[in-house]
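Step one of this worksheet: look at the structure below.
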Amino acid sequence: MRAEVLEALGRNPRHLPSKYFYDARGAELFEAICELPEYYPTRTEIAILEQALPAIATDLGHGRWVVEPGSGSGIKTRMLLDALERPRAYVPIDISKRQLRDYGGQLQRDYPALAIRPICADFSQDLRLPAEMSAPVIWFPGSTIGNFSPREAEAFLRRLRRWGDGQAELLIGVDLRKDRATLEAAYNDARGVTAEFNRNLLQHINRALGADFEPRAFDHAAHWNEEIGAIQMFLLSQRPQRCHIDGQAIDLAEGEGICTEYSYKYSPPQFAAMAGRAGWREHALYTDPRTWFGLFHLR
């Protein structure tokens, strides 16, 4: 983490890896974001699942391994497990050990017959999966794929393909392109929860690396970049300041931004083409009536 953070802050322009949003407090704040009226992806995807899961479960059949990179709170995962007929095992993968432990324990109590094999890891890196796993269903809901650049997303999809030795199926949520006003409102909520989530990234770095950032000395900002097709989220320094990580000084000018997140949005053909280059083919696409969000079933 120290090496990644220092390397990212040393770039021009500066940025921070968005995966470090998700310490225990960050995970709690993101769950609160999902409940906000401006943040449409979660409720839109849940509505899609309510309609599509019977057909998806029929396609997948029974006795499947379910692997979920980035397990979150599992609301949508419970919907999938309930729809599937006798899933063989569930493998949640998460970078937050506390969240993984709490969530895995609760899930085991609620599904006592289900084998649960949690893995605490950074799912964007190579990792070791259970040797006995075969033909997994990789479950990647939400819009996390948008946090990767298109090049990184394609490489990640290629890595997921290797998880199943060519026999995996992938259910992946993708936030689709839409008007600027809707997109920017989703990342600039009126209650300021997203701003708190953004600043908590600095709190996480302070706790984990002994840094001395002052989160309240940064403003939250998010805007749609039409040229690259992404929302960009920033922390803007309110004044000239010097911060330290592991004895290394980072000087920030007034108004200087640290980019903390990219959230790329795709049209359905764009995403299908990228998945195709990574070795996947589209089996089905489920969307809402406004085509704001897509759940792709890839093989």
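Each value in this text was obtained by applying a stated rule to the coordinates, not by laboratory testing. Just so it is clear, the structure is predicted and the values come from calculations on it, not from any experiment. Reconstructed Cβ throughout: ideal geometry from the backbone, glycine too, with neighbour counts over all protein chains shown.
First select every other residue whose beta carbon is under 13 angstrom from the beta carbon of Ala47; then total the charges, Lys and Arg +1, Asp and Glu -1. Working shown, then result.
Working: positive: Arg43, Lys76, Arg290; negative: Glu45, Glu50, Asp288.
Taking every Cβ under 13 Å from that of Ala47, the sum is 0.
What shape does region 160-205 have by the C-alpha gyration tensor, where a ≥ b ≥ c are the square roots of the eigenvalues, rounded means a/c under 1.5, and otherwise prolate means a/b greater than b/c and oblate the rest? Show your work: numbers first, answer last.
On the way: a/c = 4.86, a/b = 1.66, b/c = 2.93.
Oblate, since a/c reaches 1.5 and b/c is not below a/b.
Report, in whole Å, the centroid distance computed from the Cα atoms of region 229-283 and region 31-82.
For region 229-283 versus region 31-82, the Cα centre distance is 25 Å.
Using R₀ = 45 Å, calculate the FRET efficiency as 1/(1 + (r/R₀)^6) where r is the Cβ-Cβ separation of Ala249 and Gln106; round to 0.05. Walk me through the numbers before you get to the answer.
On the way: r = 43 Å, r/R0 = 0.96.
After rounding, the FRET efficiency stands at 0.55.
Taking the Cα-to-Cβ direction at Asp122 and at Asp165 and moving 7 Å from each Cα, how far apart do the two end points lie in nm?
Result for the modelled spin labels: 2.9 nm.
³J(HN,Hα) across region 118-126 via Karplus (A = 6.51, B = -1.76, C = 1.60, θ = phi - 60°), whole Hz, x for Gly/Pro?
x, 10, 8, 6, 7, 6, 7, 10, 5
Once you've got the GNM for the chain with C-alpha springs shorter than 10 Å, pick whichever of Glu226, Glu38, Glu154 has the biggest mean-square fluctuation.
Glu226
What number, rounded to the nearest 500 deg cm²/dmol, is the helix-based mean residue ellipticity at 222 nm of the chain, given -39500 (n - 2.57) per DSSP H run of at least four residues and division by all its residues?
-11500 deg cm²/dmol
Output the 0 to 90 degree angle, nearest 10, between the alpha-carbon long axis of helix 40-60 and the longest principal axis computed from the alpha carbons of the chain.
That helix lies at roughly 20 degrees to the long axis.
What distance in nm separates the simple spin-label points at Asn206 and Glu132, each placed 7 Å from Cα in the Cβ direction?
Distance between label points: 4.6 nm.
Under 19 Å from a point 7 Å along the Cα-to-Cβ line of Glu50: which residues of region 78-106 have their amide N that close?
Counting only backbone N, you get 78-84.
Would you mind counting up the charge near Met133? Only other residues with Cβ under 12 Å from its Cβ, with Lys and Arg at +1 and Asp and Glu at -1.
Values: positive: Arg64, Arg88, Arg117, Arg128; negative: Glu132, Asp165.
Cβ neighbours under 12 Å give a net charge of +2.
According to a simple spin-label model (label point 7 Å from Cα along Cα-to-Cβ), what is the distance in nm between Ala115 and Asn225?
4.4
Using only Cα atoms and rounding to the nearest 10 degrees, what angle (0 to 90) does helix 24-33 make with the longest principal axis of the chain?
80
Is the shape of region 148-261 rounded, prolate or oblate, going by the alpha carbon gyration tensor and its root eigenvalues a ≥ b ≥ c, with a/c under 1.5 for rounded and a/b larger than b/c for prolate?
On the way: a/c = 2.44, a/b = 1.49, b/c = 1.64.
Note, shape of region 148-261 comes out oblate.
Using modelled backbone amide H atoms (1.01 Å from N, in-plane), which distant-in-sequence or interchain residues come within less than 5 Å of Glu261's amide H?
Answer set, sorted by chain and number: Met233.
With axes computed from alpha carbons, what is the tilt in degrees of helix 150-163 against the longest principal axis of the chain, rounded to the nearest 10 within 0 to 90?
40
Starting from the Cα-Cα distance between Arg242 and Ala190, subtract it from 0.36 nm times their residue separation and give me the gain in nm to one decimal. Provide the component values of the computation, followed by the final result.
Details: separation 52, 0.36 × 52 = 18.72 nm, distance 3.01 nm.
Computed gain between Arg242 and Ala190 is 15.7 nm.
Please report the net charge: other residues with Cβ closer than 15 Å to the Cβ of Gly279, K and R +1, D and E -1.
Working: positive: Arg158, Arg159, Arg161, Arg162, Arg277, Arg281, Arg299; negative: Glu154, Asp165, Glu169, Glu282.
Its environment carries a net charge of +3.
Please state, as a whole number in µm²/s, the translational diffusion coefficient that the Stokes-Einstein equation yields for the chain at 20 °C and 1.002 mPa s, with Rh defined as the Kirkwood radius across alpha carbon pairs. Write down the numbers at each step before the final one.
Working: Rh = 20.1 Å.
The Stokes-Einstein estimate is 107 µm²/s.
Put +1 on the Cβ of every Lys and Arg and -1 on every Asp and Glu Cβ in the chain; which of Ala222, Ala211, Phe271 then has its Cα farthest towards the positive end of the dipole?
Phe271
Using a Förster distance of 30 angstrom, determine the FRET efficiency expected from the C-beta separation of Arg86 and Arg43, and round it to 0.05. It would help to have the intermediate numbers written out before the result.
Working: r = 29 Å, r/R0 = 0.97.
The formula returns an efficiency of 0.55 here.
To the nearest µm²/s, what D does Stokes-Einstein give for region 80-201 at 37 °C and 0.692 mPa s, using the Kirkwood radius over alpha carbon pairs as Rh? Numbers along the way, then the final one.
Details: Rh = 16.9 Å.
Answer, rounded: 194 µm²/s.
Normalised by the residues of the chain, what does the relative contact order come to in percent, with Cα pairs under 8 Å and at least six apart? Please report the intermediate quantities before stating the final value.
Working: 536 pairs, mean separation 62.5, N = 299.
Answer for the chain is 21 percent.
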